[in-house]
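Trainee: First, the structure itself, so that you have it in front of you.
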Amino acid sequence: MRPVTERNEVLEQAAKFRSLRKGARAALRTRSMTLQELFDQASSDPLLGSSKVASLMWVIPGVGKVRTLQRLEELGVAETVTIGDLTAAHRASLIELARGRLLVVSGPSGVGKGTVIRALAEETSFHLSVSATTRNMRPGEVDGENYFFLTEPEFRKWVAADRMLEWAEYAGNLYGTPRAPVEAHLEAGRDVVLEIEVQGARQVKMAMPESILVFILPPSIEELEKRLEGRGDTANVAERLETAKRELEEVPFFDFTVVNDDVERAAGELRSILRILPKFRM
Ligand code: ADP
Ligand code: 5GP
């Protein structure tokens, strides 16, 4: 039998290993840690490096067990391979498999897109894209945080330089999604959420068919009007309401609809959609 001190050390190491793995799994499960970050951490931590990659990877939403095992088989790597034993090419291939998902949240102005996305962010990790717009800043808005506020010539220059993933005119102003940050976050394995109007959502689906389009519906038109008026800071309520009626005709173009009757319930539905997202990957 081993001496007591040695046995204690072994037990301590085993406990440390289990807690490291547990932490990594939890972070991967919420996508608050990317696979790239796990690999980086493992290269300076031999204990984490000795961990099997498969059972860590398959907890990542949008990856799953079947796709993980399939990819390892394609790479000619055993299911029991540890992180430390992966080559650079293996790592690159697994990181590509764990690419972020693009969730497009659309729906009429005032329906509660911003509110529901804020509730989603409380338990789910993602990058919220910051759009560019030519509209005037509302009180409390910050340039570079709520939007990049551009002049129309600046906006058109970005479009001409292909710097917008999509763009559209809405209520007399231009709105667009800067392409580079979206691509960088997806590639790094982070989910990205866009909060945009319907014409832009269509353009994203055309450019990236693997994106998921969710239309947020109001419980009723009367309730939508109430929310637009209640927000107080929104100009052109009547015009936005007319636009909303036209936008509702676009619903069949979307992958999912979510009724925003209750913020927490609607955010929960978005969370469920993110859980089943792999079905939509190409
Ligand atoms: P959007 O981003 O779609 O333009 P907002 O998130 O700004 O809409 O919401 C518009 C208004 O409706 C806000 O005052 C918000 O507090 C309110 N609101 C959002 N969701 C709900 C809900 N489920 N029930 C009642 N009011 C809501
Ligand atoms: P608001 O002026 O209320 O901030 O936004 C008006 C509308 O523009 C909303 O429906 C909002 O979702 C949409 N919007 C915001 N950013 C973008 C964007 O980058 N692209 C498109 N197409 N629409 C956007």
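The values are calculated or read from the model by the stated rules, or taken from the named source; none is laboratory data. Quantities reported herein were computed from a predicted structural model and do not represent experimental measurements. Cβ sites come from the backbone with ideal geometry, for glycine too, and all protein chains shown count toward neighbours. SASA here: full protein model, heavy atoms, side chains in, ligands and nucleic acids out. Shrake-Rupley method; radii C 1.70, N 1.55, O 1.52, S 1.80 Å.
Trainee: Name the residues in the range 138-164 that are open to solvent by 70 Å² or more (accessible area, probe 1.4 Å) and outside any loop (DSSP other than H, G, I, E, B), would you?
Mentor: Correct list: 143, 148, 152, 153, 154, 156, 157, 160.
Trainee: One residue is enough: does the range 147-164 have a residue meeting the conditions assigned by TED's automatic domain parsing to the domain that holds residue 258 and within 16 Å of ligand 1 (Cβ to nearest atom)? Before the answer, list the steps.
Mentor: Filtering the range 147-164 down to residues assigned by TED's automatic domain parsing to the domain that holds residue 258 leaves 147-164.
Narrowing further to those that are within 16 Å of ligand 1 (Cβ to nearest atom): 147.
Checked the range 147-164: at least one residue is assigned by TED's automatic domain parsing to the domain that holds residue 258 and within 16 Å of ligand 1 (Cβ to nearest atom).
Trainee: Restricting the search to the range 109-122, which residues are open to solvent by 20 Å² or more (accessible area, probe 1.4 Å), in a loop (DSSP other than H, G, I, E, B) and within 9 Å of ligand 1 (Cβ to nearest atom)?
Mentor: Passing the criteria: none in range.
Trainee: Something else now. Mind listing whichever residues of the range 202-226 are within 12 Å of ligand 2 (Cβ to nearest atom) and out of contact with any helix residue (DSSP H, G or I) (no Cβ under 8 Å at 6 or more places or on another chain)?
Mentor: 203, 204
Trainee: Can you report the number of residues in the range 4-31 which are under 19 Å from residue 191 (Cα atoms) and either modelled with pLDDT of 90 or more or open to solvent by 70 Å² or more (accessible area, probe 1.4 Å) (or both)? It would help to see each step written out before you state the result.
Mentor: To start, the set of residues in the range 4-31 that are under 19 Å from residue 191 (Cα atoms) comprises 24-31.
Still in the running and either modelled with pLDDT of 90 or more or open to solvent by 70 Å² or more (accessible area, probe 1.4 Å) (or both): 24-29.
Result for the range 4-31: 6.
Trainee: Out of curiosity, is residue 104 modelled with pLDDT of 95 or more, open to solvent by less than 60 Å² (accessible area, probe 1.4 Å) and either hydroxyl-bearing (Ser, Thr, Tyr) or closer than 30 Å to residue 226 by Cβ (or both)? Before the answer, list the steps.
Mentor: Details: modelled with pLDDT of 95 or more: yes; open to solvent by less than 60 Å² (accessible area, probe 1.4 Å): yes; either hydroxyl-bearing (Ser, Thr, Tyr) or closer than 30 Å to residue 226 by Cβ (or both): yes.
For residue 104, the condition - modelled with pLDDT of 95 or more, open to solvent by less than 60 Å² (accessible area, probe 1.4 Å) and either hydroxyl-bearing (Ser, Thr, Tyr) or closer than 30 Å to residue 226 by Cβ (or both) - is met.
Trainee: OK, next. Which of the helices (runs of 4 or more DSSP H) found entirely inside the range 165-248 contain at least 1 residues meeting this: surrounded by fewer than 18 Cβ atoms within 10 Å (Cβ to Cβ) and within 16 Å of ligand 1 (Cβ to nearest atom)? Before the answer, list the steps.
Mentor: Numbers: elements: 179-187, 198-207, 221-231, 237-248.
Those helices (runs of 4 or more DSSP H) span 198-207, 221-231, 237-248.
Trainee: Touching a residue at least 12 places away in the same chain (Cβ under 8 Å), part of a helix (DSSP H, G or I), open to solvent by less than 60 Å² (accessible area, probe 1.4 Å) and away from ligand 1 (no atom under 16 Å from the Cβ): is that true of residue 95 in this structure?
Mentor: For residue 95, the condition - touching a residue at least 12 places away in the same chain (Cβ under 8 Å), part of a helix (DSSP H, G or I), open to solvent by less than 60 Å² (accessible area, probe 1.4 Å) and away from ligand 1 (no atom under 16 Å from the Cβ) - is met.
Trainee: Of all residues in the range 257-277 being away from ligand 1 (no atom under 16 Å from the Cβ) and surrounded by fewer than 16 Cβ atoms within 10 Å (Cβ to Cβ), which is modelled with the highest pLDDT?
Mentor: 272
Let's see how each residue does on (1) without any contact (Cβ under 8 Å) to a residue 40 or more places away in the chain; (2) open to solvent by 30 Å² or more (accessible area, probe 1.4 Å); (3) part of a loop (DSSP other than H, G, I, E, B); (4) under 30 Å from residue 197 (Cβ atoms):
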{"site": "38", "(1), (2), (3), (4)": "no, no, no, no"}
{"site": "41", "(1), (2), (3), (4)": "yes, yes, no, no"}
{"site": "59", "(1), (2), (3), (4)": "yes, no, yes, no"}
{"site": "62", "(1), (2), (3), (4)": "no, no, yes, yes"}
{"site": "68", "(1), (2), (3), (4)": "yes, no, no, no"}
{"site": "124", "(1), (2), (3), (4)": "no, no, yes, yes"}
{"site": "136", "(1), (2), (3), (4)": "yes, yes, yes, yes"}
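Trainee: If you don't mind, another one. Exactly one of these conditions fails for residue 247: (1) closer than 24 Å to residue 182 by Cβ; (2) modelled with pLDDT of 90 or more; (3) out of contact with any Pro (no Cβ under 8 Å at 6 or more places or on another chain). Give me its number.
Mentor: (3)
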